[in-house]
Protein chains: 2
Amino acid sequence: MSKEITSRAQDYSQWYNDLVIKGELADYSAVRGCMVIKPYGFALWENMRDAMDKMFKDTGHQNAYFPLFVPKSLFEAEEKNAEGFAKECAIVTHYRLKTDPDKKGKLMVDPEAKLEEELIIRPTSEAIIWNTYKGWIQSYRDLPLLINQWCNVVRWEMRTRLFLRTAEFLWQEGHTAHSTSEEAVAETRQMLDVYADFVENWMAVPVIKGVKTESERFAGAVDTYCIESLMQDGKALQSGTSHFLGQNFAKAFDVKFLNKENQLEHVWATSWGVSTRLVGALVMAHGDDQGLILPPRIAPLQAVIVPIYKGDQQKATVDAKAKEIIKQLKELGIRVKYDNNDNARPGWKFAEYEMKGVPVRITLGARDLENNVAEIARRDTKEKRNVSLDGIAAYVNELLAEIQKNLFDRAKSFRDEHITPADTWNEFEKLLDEKGGFISAHWDGTAETEETIKEKTKATIRCIPLNNPQEDGKCILTGKSSKQRVLFARAY
Amino acid sequence: MSKEITSRAQDYSQWYNDLVIKGELADYSAVRGCMVIKPYGFALWENMRDAMDKMFKDTGHQNAYFPLFVPKSLFEAEEKNAEGFAKECAIVTHYRLKTDPDKKGKLMVDPEAKLEEELIIRPTSEAIIWNTYKGWIQSYRDLPLLINQWCNVVRWEMRTRLFLRTAEFLWQEGHTAHSTSEEAVAETRQMLDVYADFVENWMAVPVIKGVKTESERFAGAVDTYCIESLMQDGKALQSGTSHFLGQNFAKAFDVKFLNKENQLEHVWATSWGVSTRLVGALVMAHGDDQGLILPPRIAPLQAVIVPIYKGDQQKATVDAKAKEIIKQLKELGIRVKYDNNDNARPGWKFAEYEMKGVPVRITLGARDLENNVAEIARRDTKEKRNVSLDGIAAYVNELLAEIQKNLFDRAKSFRDEHITPADTWNEFEKLLDEKGGFISAHWDGTAETEETIKEKTKATIRCIPLNNPQEDGKCILTGKSSKQRVLFARAY
């Protein structure tokens, strides 16, 4: 093996880091809590971004770009939002460095270049965007305003993990403005569906759609909808959120419109976002002890061809055949690489592409060619099969679709097996410690109980699933009456 | 007219701002020197970005993402680079806000949350990237390393202008590492050619390729190559730069590789970038007193269809025909919009799309339809023509190509007419004040003379053109001997 990976059983957390680093998705950087997204990881993110961007545009949204900085006076305008992010934001206070008189060749912050008003680096852009929308919205004819932005944001988290929680991360944030509450709620739900569609059908990760409890809501939202997915260690991961913001930001920034009855009303708002965190979800949902397993639809490389030969004559034969196959694969739109690097042995290459999670490997051996076959290995099940070169491209194409489906089905089985009802506190604690996953349990609906459960077990209410069946029961902790079960889990 | 524009003759600078704002490319923001890129402007930038991104990938580059922040100790490592950017950088000094005890509902910077080391917001990323490359490069087998990043950067400019000079702007920055000086120089030149290709063939703006004098060089570069274009007011605009960095950054960050002879050597570097500034160049190169004129290849909308009808029956006929034409245009890959908004009159729409620079307008009148024709107006020359509906899509497609060519030819004629030789100082000053454009004049090669000329006239040496003819002459200012003419201009 080219690179050692810690097994999941041994140390799940280290296994995750190994996959990210050795799979060349990302690297640590010199900046506390910030990562470098490496070319392979960025190509993956580009595929994810492009797929979502098309979905946003297909649902009528346009991209725009708003400033990185939020002046403090705007930042604090929506009080709950400000309170939610104040404790973890990067603040620009000066705009110039000067030569340090005491240290040769060193620079220091120039105390004379202090900003009159501090600038917060956006942790999210509601404030700067709603301040802008004020100038753009006058009448109902200006609505709905459906805008999305792809950008970097900064949240000064104390404990960071590659992709899952970094001080700076890349994301998209949609910010829409509507003339009615109903329309804004419909938009919030529509974007939740778009996220679920993307995560399930492109990333092959099953999700549960739900709504957050009040204490888990986005700071400044009336309702936060979310999609929750399950990782292999039984912990949940919030994969995307869509917020109905009511008129909170419109009121904070005084954004009104003249309705059809010629009356001034505050505008209704939504915001929704997913981030590079999804890459972390992908790694943890599908990877195994040999490395990454990437779903074909978003994999930077869908197939790799590894040649095996001895001597120039065999090489020429294999090269020629590889060229033919690549042409056929590319005609089907398959992203394929021919790794004819002479400096590495085939075994090393096998391990390398296994590590990188390339869905299909085609081994083109000089001797196999004599029989008109190639060996095809699929990354998800590790099955190998000799396949006739006639129609090999069509075979690979179908196999990619099958792998995509299998990854989803496998993750869904695992997820479904890990939604467990609990009816007593003992059961609840035991399930959390021994089985993990989502625990479906009654809750009395109070923030106090939610908090106590979190303190006792580190489990939080991940969501109240949409269309949740109503059923009488008693709260798992307090025994008070409850009308429905909610989903608890320990989470990333 | 729907919106008033200042004419170029009246106030060129105000004309530019009017086009940007009223053409809905961008808007001012609440943050000093930062702009909001509006959906129409961002769609234009996306088209530019995507075209260039493909060119970068076709020449073997991969995208990646590096941190927004540069710790001060890394920032100051390459001394000239640090010196060049120290006076205009945004500095993060704190990571938390707290409730202001003296002002209810207000926040203040928490003095206890001061960073141990200040973070500079990247004005350019050589420092953070070369610090990262140190860990990625060991042997000649790791080279060349060909990486590009699309991101935001911040330079705290005192005087800003929409797109042309903003505190935050979007750009791409390529950073490559090579095992030989020759290879790095070849990369620098290759990327200059890529930029010239893009700006000329997509933006329809002719450029002059050249090399900068020492005083105009990028801070930290051995040589800066550039493409220079000419605006309609006779001022030059630097549209892209490609730097040969020698071993400066490799030495500052101690990046060495083991060569084929098993000896350690410092790596050779390049960097190259273009930014949203190009949007400003586009506006100023092609616009007229009615608004923007966008080159078809990058225009968000290439054609717009405006219906004219009275009553429901005519509306139905026109709608049906429009649908047919749109289908035909889309089949040819043409980006088309049907503006059937009932709330605006056709005349208002004509002015609006003229303002927005949509290359082709198709007016679909109910009466014209009876004769099987539509009126086609081209934005560049404002010519109108009745065109048979049979084959109208093919006609529009050819017209778009013709407009693209005409815009380039027109800008090139203007540019070529504005490269004027000057042989005396009087002539030089007179040309600058009365004609503008590039002035081709002898220069004695010293930074002092360059500086004096700049002080006296505000003109700078834009570049020494590539393959510049060598000719004996005397410096325009000092009369000292000179071997070649260089291009002077006042510039943005």
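Each value in this text was obtained by applying a stated rule to the coordinates, not by laboratory testing. Keep in mind that what you see is a predicted model, and the values were worked out from it rather than measured. All Cβ positions, even for glycine, are placed from backbone atoms using ideal geometry, and neighbour counts span all protein chains on display.
Defining a contact as two alpha carbons under 8 Å apart and six or more residues distant in sequence, what relative contact order in percent does chain A show? Walk me through the intermediate numbers first.
Details: 989 pairs, mean separation 68.1, N = 492.
Answer for chain A is 14 percent.
The Kirkwood hydrodynamic radius of chain B, based on inverse pair distances between different Cα atoms, is 25.2 Å. Would you mind pulling out the separation of the Cα centroids of segment B:233-260 and segment A:396-436, in Å? Comparing the Cα centres of segment B:233-260 and segment A:396-436, I get a distance of 51 Å. Expressed to the nearest 5 percent, the antiparallel share of DSSP beta bridges inside chain B is 80 percent. Give the shape of segment B:187-319 as rounded, prolate or oblate, defined through the alpha-carbon gyration tensor: a ≥ b ≥ c are the square roots of its eigenvalues, a/c under 1.5 means rounded, and otherwise the shape is prolate if a/b is larger than b/c and oblate if not. In terms of gyration-tensor shape, prolate.
By its C-alpha gyration tensor, with a ≥ b ≥ c as the square roots of the eigenvalues, how is segment A:419-489 shaped: rounded for a/c under 1.5, else prolate for a/b larger than b/c, else oblate?
Values: a/c = 1.44, a/b = 1.21, b/c = 1.19.
Verdict is rounded for segment A:419-489.
Placing a pseudo-label 7 Å from each Cα along the Cα-to-Cβ vector at B:ALA320 and B:GLN138 gives an inter-label distance of 7.3 nm. Every helix of 4 or more DSSP H residues in chain A counts as -39500 (n - 2.57), and over all residues that averages to -11000 deg cm²/dmol at 222 nm. Inter-chain Cβ neighbour count for B:133-144, averaged per residue, equals 1 (cutoff 10 Å, partner chain atoms only).
Computed from Cα atoms, the angle from the helix A:126-136 axis to the main principal axis of chain A rounds to 70 degrees.
All other residues whose Cβ lies under 12 angstrom from that of A:ARG165 are scored, Lys and Arg at +1 and Asp and Glu at -1, for a net of +1. Counting only other chain Cβ atoms within 10 Å of each residue's Cβ, the peptide B:70-83 averages 3. Roughly what would the spin-label model give for A:ASP472 and A:THR424, points 7 Å off Cα along C-beta, in nm? Here the modelled spin labels are 2.2 nm apart. With a 10 Å cut-off around each Cβ of B:32-45, the average count of Cβ atoms from other chains is 5. Size descriptors for segment B:12-286 (Cα atoms only): Rg and Dmax, in that order, 20.2, 69 Å.
Principal-axis analysis of the Cα atoms of chain A puts helix A:311-331 at an angle of about 40° to the longest axis.
Bridge orientation summary for segment A:303-402: considering DSSP beta bridges with both residues in this region, about 50 percent are antiparallel. Pairs spanning more than 25 Å between alpha-carbon atoms, out of B:LYS330/B:LYS384; A:LYS430/A:LYS480; A:LYS321/B:LYS54; B:LYS54/B:LYS323; B:LYS54/B:LYS212; A:LYS327/B:LYS260: A:LYS321/B:LYS54; B:LYS54/B:LYS323; B:LYS54/B:LYS212; A:LYS327/B:LYS260.
Taking the fewest neighbouring Cβ atoms within 10 Å as the starting point, the ordered list for A:VAL486, B:VAL211 is B:VAL211, A:VAL486. Find the relative contact order for segment A:419-489 and round it to a whole percent, using C-alpha pairs within less than 8 Å whose residues are 6+ positions apart. About 39 percent, as a whole number. Applying 0.36 nm per residue to the separation of B:LYS114 and B:ASP254 and subtracting their alpha-carbon distance, the gain on full extension is 47.4 nm. One Cα centroid belongs to segment A:72-134, the other to segment B:156-206; the line between them spans 29 Å. Bridges between two residues of the protein assembly as shown, per DSSP, are antiparallel at a rate of about 85%.
Could you line up B:MET48, B:MET158 from fewest to most neighbouring Cβ atoms inside 10 Å? Ranked by crowding around the Cβ, least crowded first: B:MET158, B:MET48. Against chain A, whose longest principal axis is taken from its Cα atoms, helix A:346-355 shows a tilt of about 20°. When only Cα pairs below 8 angstrom with a gap of at least 6 residues are kept, segment A:17-120 shows a relative contact order of 19 percent. Ordering A:GLU417, A:GLU352, B:GLU455, B:GLU157 by the number of other Cβ atoms within 10 Å of each residue's own Cβ, fewest first, gives B:GLU455, A:GLU417, B:GLU157, A:GLU352. Each 5 Å bin from 0 upward holds the following percent of the Cα-Cα pairs of segment A:303-402: 3, 13, 27, 27, 20, 9, 1, 0. The alpha carbon gyration tensor of the protein assembly as shown gives principal lengths a ≥ b ≥ c with a/c below 1.5, which makes the shape rounded.
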